[in-house]
Amino acid sequence: MQGFAVIDSRFGEENVAVWIVSKVPPAGAGNTNAVVVARTDPRAQEALRSLTRSRAVLVTDGSSLAGLPVDSCALTITDVHDLIEETSKVREQILDMVRYLRRKPPRFVPIPSPDRFQPAEETPTQRALQTANLLGRAWTAWLDTDQQRRKYTVDPKAMDAGLRPDDLSGTDSLEFPPGFADRVVAEPLV
């Protein structure tokens, strides 16, 4: 999967806005492309397909994918809130390990507050931008959390005490927390 395509598409509006959110170095996520497609453009379907190909789709609040070339089940803003919640829970588990190990607590990237990502104007571009910004910050917070998780779960003292949750005990990098990962389905390549 190459990341996410955040789509704002509303009945009666001429344009569909798509914001692309991808992993960016060194260990975060952010907006990497943005396109506004006019529904009247004869190549609109082709353009939208190329933007969503190999990406999970997230629709803005109030959007509809009716008539768009999206095959998978799209994520919603509720899913982003769940990503934030899962990240918070894993951070609490990490902090429990840190206290047990008597280590200095990690300095986490801040978890975003959804109410701070409201569109400046009620336009497809602004709605998609703010939703993409929230997703990018939430994903970055998770990636930072996962980096800290891997750092502490390999400690033999934490392993012996059974402080590691089973689904988070490995040392492999996790793109997303388990519950959110189960919902992320990329659009097909073709």
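No value in this document is a laboratory result; all are computed from the given coordinates. Small disclaimer: the values here were computed from a predicted structure and weren't measured. In this analysis, Cβ positions are derived from the backbone assuming ideal geometry, glycine residues included, and neighbour counts consider all displayed protein chains.
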Obtain the radius of gyration and the Kirkwood radius of region 1-137 from its C-alpha atoms and give Rg over Rh.
-> 1.07
List every residue whose amide H lies under 5 Å from the amide H of VAL24, counting only residues 5 or more places away in sequence or on a different chain, with H placed 1.01 Å from N in the peptide plane.
-> ALA29, GLY30
At 0.692 mPa s and 37 °C, Stokes D of region 48-103 from Kirkwood alpha-carbon radius, µm² per second = 235 µm²/s
Counting pairs on different chains as well as pairs 8 or more places apart, how many Lys pairs in the chain have Cα atoms under 21 Å apart?
-> 5
Among the DSSP beta bridges whose two residues both lie in the chain, what percent are antiparallel, rounded to the nearest 5?
-> 75 percent
Test item: Cα-centred dipole of the chain, Lys/Arg +1 and Asp/Glu -1 on Cβ, debye | 840 debye
Can you pull out the GluC sites (Glu not before Pro) in region 1-76 that DSSP calls coil and that have at most 16 other Cβ atoms within 10 Å?
-> GLU13, GLU14
Calculated from backbone phi, Karplus (6.51, -1.76, 1.60) coupling profile of region 95-111 in Hz, x at Gly/Pro | 5, 4, 4, 4, 5, 4, 7, 6, 10, 6, x, x, 9, 6, 5, x, 7
The answer for the net charge of residues other than LEU129 whose Cβ lies under 14 angstrom from its Cβ, with Lys and Arg +1 and Asp and Glu -1, is -1
If contacts are Cα pairs under 8 angstrom and at least 6 residues apart, what is the relative contact order of the chain in percent?
-> 27 percent
Sequence order, region 138-151: Karplus ³J(HN,Hα) from phi using 6.51 cos²θ - 1.76 cosθ + 1.60, θ = phi - 60°, Hz rounded, Gly and Pro as x, gives 5, 5, 4, 4, 5, 4, 5, 4, 5, 4, 5, 4, 5, 5
Using the count of nearby Cβ atoms within 10 Å as a rough guide to exposure, how do ASP115, ASP71, ASP8 rank from fewest to most?
-> ASP115, ASP71, ASP8
Spread of Cα-to-Cα distances over 10 Å intervals beginning at zero, given as percent, for region 72-153 | 17, 41, 26, 12, 3
Would you calculate a helix-derived [θ] at 222 nm for the chain, using -39,500 (n - 2.57) for each DSSP H run of n ≥ 4 and dividing by the full residue count, to the nearest 500?
-> -12500 deg cm²/dmol
